[in-house]
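The numbers here are math on the coordinates, done by the rules we state, and not lab data. Keep in mind it's a predicted model, so treat the numbers as computed, not measured. Cβ sites come from the backbone with ideal geometry, for glycine too, and all protein chains shown count toward neighbours.
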């Protein structure tokens, strides 16, 4: 689709390539790709023609015309034009498994069949596909996924593990499967046996000494199995309900106590109470950045910020710079999924299977935004 008048406004432009006699001397990259803004203009050249021969993949007069894989060419070109690279990759992946190869070696039958090619230059679809792949690779980031004990009334932990852990193993980026807010020793042990690779043992509501004793024991067991442990000191309450704290500052994490706590427990990461809370914020929260900074320098391990949903982008950036390495955003993702379902219903979708696609797309957008915001983009190894 692109821009209806784009083919009249923008000239075809492709990457600069070295001559064959030069490129055969080594195995280095021989293309100098267009920058993202120029590539978006090439997507704009897709003219929203009535019959997209580019994706037809048929024989005409004994010759192949259009993409034999039936790639959704106008749709991917439109997503390139709008700069929606993540969705462009997902759309491209619907029709074949190796776009990273075909975007290099395909003879581009789609371009030969392009309507613009009748009286001018075709849309540079092959180049657009390559740009999509490169952008998808650029966005790769390590992530943590999982569930929390408070969510288990909705399902069983073993059922969550059955689909979550295999997906994590198949992913092309590092994925940590985390059991969050484990409230009982027995549940944490169950998560370990099922294959979770990270456990949060939340003992923040008991006395300090009991918190230390319980978490230290959990650390010994988990480390013997190669599993990391997150702990909480202070107490992160809720924005509403039974967990709401009348005087939240009374439960803030004390920096000196944090140092003693980590020294005695050996926990791998620490969830801190610094003005954050679980759930939706009724009013803008005020994080204690000075406290975050002091705690981070004292304990020298990754800090965790629970209740990340609803915080301002600048708050996230500053917290990350000061030592926060993990941010929980369940509420943001959950709300996005709900909004996606509502959008699907508004669009006329009436089946659960159809609505799931809307839900997933909406959640993916939030995840991509947070990956960029937290600075995780491109850190997969």
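How tilted is helix 157-170 with respect to the longest principal axis of the chain? Cα atoms for both, answer in degrees (0 to 90, nearest 10).
50 degrees
Take each of the peptides 346-355, 161-170, average the number of other beta-carbon atoms within 10 Å over its residues, and list them starting from the highest.
Numbers: 346-355: 10.7, 161-170: 13.7.
Result, highest mean Cβ count within 10 Å first: 161-170, 346-355.
Compute the long axis of helix 185-194 from its Cα atoms, compare it with the longest principal axis of the Cα atoms of the chain, and write down the angle in degrees, 0 to 90, nearest 10.
30 degrees
Cut-off 10 angstrom, C-alpha nodes, Gaussian network model of the chain. Which of 263, 115, 32 fluctuates the most?
32
Please work out the C-alpha center-to-center distance from segment 1-64 to segment 335-381 and express it in whole Å.
Segment 1-64 and segment 335-381 have Cα centres spaced 29 Å from each other.
Compute the distance in nm between two label points, each set 7 Å from the Cα along the Cα-to-Cβ direction, one at residue 38 and one at residue 220.
6.3 nm
What fraction of the DSSP beta bridges in the chain is antiparallel, stated in percent and rounded to the nearest 5?
Expressed as a percentage, antiparallel bridges in the chain total about 20.
How much length is gained if the chain between residue 28 and residue 184 is pulled fully straight, taking 0.36 nm per residue apart and subtracting their Cα-Cα distance, in nm to one decimal?
Stretched fully, the residue 28-residue 184 segment lengthens by 50.7 nm.
Compute the helix-to-body angle for 330-346: its Cα long axis versus the longest principal axis of the chain, expressed 0 to 90° and rounded to tens.
Approximately 40 degrees, to the nearest ten.
Would you please put 146-159, 319-332, 214-227, 68-81 in order of how densely packed they are, using the mean number of other Cβ atoms within 10 angstrom per residue and starting with the highest?
Highest-to-lowest ranking by the protection proxy: 68-81, 319-332, 214-227, 146-159.
Order these peptides, 290-299, 266-275, by their mean beta-carbon neighbour count within 10 angstrom, highest first.
266-275, 290-299
Expected output is a single nm value to one decimal: the length gained when fully extending between residue 293 and residue 352, i.e. 0.36 nm times separation in residues minus the C-alpha distance. What is it?
Length gained between residue 293 and residue 352: 16.6 nm.
Comparing 21, 364, 36, which has the greatest mean-square fluctuation in the GNM of the chain with Cα pairs linked when under 10 Å apart?
Per the Cα network of the chain with a 10 Å cutoff, 21 tops the list.
Which of these, 369, 213, 29, has the largest mean-square fluctuation under a Gaussian network model of the chain (Cα springs below 10 Å)?
Among 369, 213, 29, the largest mean-square fluctuation in the Gaussian network model of the chain belongs to 29.
Would you calculate, for the chain, the mean residue ellipticity at 222 nm contributed by helices, counting each DSSP H stretch of 4 or more residues as -39,500 (n - 2.57) and dividing by all residues, to the nearest 500?
Numbers: 16 runs with 173 residues, N = 381.
Dividing the helical sum by the residues of the chain leaves -13500 deg cm²/dmol.
Quick check: residue separation of residue 176 and residue 369 times 0.36 nm, minus the Cα distance between them. What number comes out in nm?
Result: 67.6 nm gained on full extension.
I need the P(r) histogram for the chain: all alpha carbon pairs, bin width 20 Å from 0 out to the longest distance, whole percents.
Spelled out per bin, shortest first, that is 23, 46, 26, 5, 0.
Applying 1/(1 + (r/R0)^6) with R0 = 25 Å to the Cβ-Cβ distance of residue 342 and residue 154, what FRET efficiency is obtained, to the nearest 0.05?
Numbers: r = 20 Å, r/R0 = 0.81.
Efficiency, rounded to the nearest 0.05: 0.80.
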